[in-house]
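Peer 1: Starting off with a structure, shown below.
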Amino acid sequence: MSDELRVAFHTELEAIRGEIVQLASAVRDAIGRATTVLLTGDFEAARLLIFWDDEIDARAIELEERCGRVLALQAPVAVDLRLVLAVIRITAEIERTADLLVNICKTSVRIGRPLPAALHADLLAMSEQATELHTAAIYAFAADDADQAETLDEQDSALDNSHRAFVQSLHGHHSAGDIDLDTAIQVAIVARFYERIGDHAVNIAERVRYHVIGGLPHHVGATRYRTAHPRPIGTEGDEHHLPDG
């Protein structure tokens with residue numbers, strides 16, 4: 001690759017990285033807005049956020065197409081290739097996070113009224129934890145900071161604990177008459193959405209580590225499968241099917 005082509009290539013990579021950060025920042029800001037919709041029953045704001053997701057989808061597709069052109073035209077290697085592959089996966093994680101915010105808004109519309117004040121503090125806390133996780137993941141990506149990415153597992157564990165505690169507390173709120181059963185079920189689902197935002201942030205952090213230091217993320221299930229099936233996946237005679245029954 002000539003020096004001129006290399007400069008243009010790296011300029012495009014940095015432009016793509018900048019677009020990813022902007023996309024993630026928009027999604028970060030929307031986490032709090034979706035939470036406000038949930039707590040207050042602001043259905044006009046819910047409608048706007050639901051429509052906004054179309055923009056996020058379009059921007060995510062455009063970024064993936066740009067990455068595809070980079071792979072096809074520049075054939076990057078080593079760290080540059082890892083960056084392009086990481087960006088493709090990170091884009092998908094951001095887009096799915098936006099989908100979860102749409103789900104929060106749609107759940108709010110189904111509930112049809114503001115949530116009882118007794119639930120506000122715990123939901124706000126989970127929203128803030130999810131926002132912090134998402135922000136930390138994107139900071140790690142923007143700064144190529146593998147150490148920052150490494151810290152997200154501990155933060156995610158704290159959000160997981162908050163999620164479990166909140167779901168358990170819903171029974172007490174229902175017994176106290178703070179919330180009816182149908183609403184309690186809907187809110188339990190929303191709590192899971194916040195927990196999933198944390199999971200997507202952890203996935204982003206794993207791709208940051210992959211880009212910066214190499215080595216794909218470790219997955220317990222994949223390791224277990226490879227231990228039980230030592231032949232390379234896809235070799236002749238390998239059978240892949242769901243278990244019977």
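None of the figures in this text is laboratory data; all of them are computed from the coordinates on show. Keep in mind that what you see is a predicted model, and the values were worked out from it rather than measured. FYI the Cβ positions are ideal-geometry reconstructions off the backbone, even for glycines, and counts take in every protein chain you see.
Peer 1: Going by average Cβ density within 10 Å per residue, which order do the peptides 108-118, 27-37 take, highest to lowest? Don't skip to the end; give the middle numbers.
Peer 2: Numbers: 108-118: 14.8, 27-37: 20.8.
The peptides rank, most packed first, as 27-37, 108-118.
Peer 1: For the residue pair Glu14 and Ala26, what label-to-label distance in nm results when each label sits 7 Å from Cα along the Cα-to-beta-carbon direction?
Peer 2: Using points 7 Å along Cα→Cβ, the separation is 2.3 nm.
Peer 1: Starting from the Cα-Cα distance between Glu128 and Asp144, subtract it from 0.36 nm times their residue separation and give me the gain in nm to one decimal. Let's see the in-between values first.
Peer 2: Numbers: separation 16, 0.36 × 16 = 5.76 nm, distance 2.38 nm.
Full-extension gain reported as 3.4 nm.
Peer 1: Here is a further query. Assuming 0.36 nm per residue, please report the length gained on full extension of the stretch Ala118 to Asp153 beyond their Cα-Cα distance. Intermediate results must be reported in sequence, preceding the final value.
Peer 2: Details: separation 35, 0.36 × 35 = 12.60 nm, distance 2.94 nm.
Difference between extended and current length: 9.7 nm.
Peer 1: Mind giving me the nanometre distance, one decimal, between the label points for Ala78 and Ile185, set 7 Å out from Cα along Cα→Cβ?
Peer 2: Result: 5.7 nm between the two label points.
Peer 1: Can you find, among Ala176, Val84, Ala34, the residue sitting farthest towards the positive end of the charge dipole of the chain, where Lys and Arg contribute +1 and Asp and Glu -1 at Cβ?
Peer 2: Ala176
Peer 1: Nearest 20 debye, what's the magnitude of the dipole of the chain about its Cα centre given +1 on Lys and Arg Cβ and -1 on Asp and Glu Cβ? Display every interim value, and only then the final one.
Peer 2: Working: 22 positive and 40 negative charges, 60 e Å.
Dipole of the chain, to the nearest 20 debye: 300 debye.
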